[in-house]
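K.L.:
I have a structure I would like to understand better, so I am pasting it below and will then ask my questions one at a time.
What follows is calculated from the coordinates using simple rules that are stated; it is not laboratory data. Keep in mind that this is a model prediction, so the values were computed, not measured. Please note: Cβ atoms are built from the backbone with ideal geometry, for glycine as well, and neighbour counts cover all protein chains shown.
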Amino acid sequence: MPTLTKLYSMKEASEHNSAGDCWIVIDGKVYDVSSYLDEHPGGDDVILQATGKDATDEFEDAGHSKTARELLETFFVGELDPSDIPQLKVVSEKQKGYIPEKLVDLSKQYWAAPVAAVGISVVVTFLYLRNK
């Protein structure tokens with residue numbers, strides 16, 4: 001007989017946000033890591049900052065080992081309600097395009113410096129060749 005997995009809303013998971021009662025959400029799964037806070041190599045504050053939101057990006061960015069991922073599974077308490085997951089993916093999609101958009105904005109804003117450098121180079125080259 002299949003085991004039923006408990007479903008939690010993001011709001012419900014985010015209510016567990018203290019050192020004594022700490023849940024995190026990673027890849028749509030909910031973990032109760034309260035008992036692990038003191039043992040976490042990065043300190044408990046890193047995990048506490050990840051409560052109340054989808055911590056998948058933070059978990060992946062930290063470069064956790066296979067052993068750490070296996071250990072995480074021992075704290076599994078349920079899954080995020082699927083109705084909450086599309087909302088999280090929309091945020092993730094926005095974040096993916098954030099860096100290229102930011103670079104385009106910067107290039108539009110700071111175009112004068114490279115143009116001036118090229119212009120000065122052309123003038124200096126012209127004056128140098130003219131004096132030869």
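K.L.:
Ranked highest first by average number of other Cβ atoms within 10 Å, how do 110-121, 16-27, 31-42, 64-75 line up? Walk me through the intermediate numbers first.
P.N.:
Numbers: 110-121: 9.5, 16-27: 17.2, 31-42: 14.2, 64-75: 11.7.
Sorting 110-121, 16-27, 31-42, 64-75 by mean packing, highest first, produces 16-27, 31-42, 64-75, 110-121.
K.L.:
Just want the answer: with Cβ charges of +1 for Lys and Arg and -1 for Asp and Glu, which residue in Ser14, Gly63, Ser83 is farthest toward the dipole's positive end in region 7-94?
P.N.:
About the Cα centre, the residue reaching furthest to the positive side is Ser83.
K.L.:
Continuing with this model, one more query. Could you tell me which trypsin sites (Lys or Arg not before Pro) in region 1-61 are loop residues by DSSP with no more than 15 other beta carbons within 10 angstrom of their beta carbon?
P.N.:
In loop regions of region 1-61 (DSSP not H, G, I, E or B), the sparsely surrounded trypsin sites (Lys or Arg not before Pro) are Lys6.
K.L.:
Taking θ as phi - 60°, what are the ³J(HN,Hα) couplings along region 29-42 by the Karplus curve (6.51, -1.76, 1.60), each to the nearest whole Hz, with x for Gly and Pro?
P.N.:
10, 9, 10, 9, 9, 3, 6, 9, 3, 5, 8, 4, x, x
K.L.:
Leu80's amide H: which non-local residues (gap 5+, or another chain) put their own amide H closer than 5 Å, with H modeled 1.01 Å from N in plane and none for Pro or chain starts?
P.N.:
Tyr8, Lys29, Val30
K.L.:
Sticking with this structure for a sec: Want the number for Ser18 to Leu127: 0.36 nm per residue separation, take away the alpha-carbon distance, what's left?
P.N.:
Contour length minus the Cα-Cα distance gives 32.3 nm.
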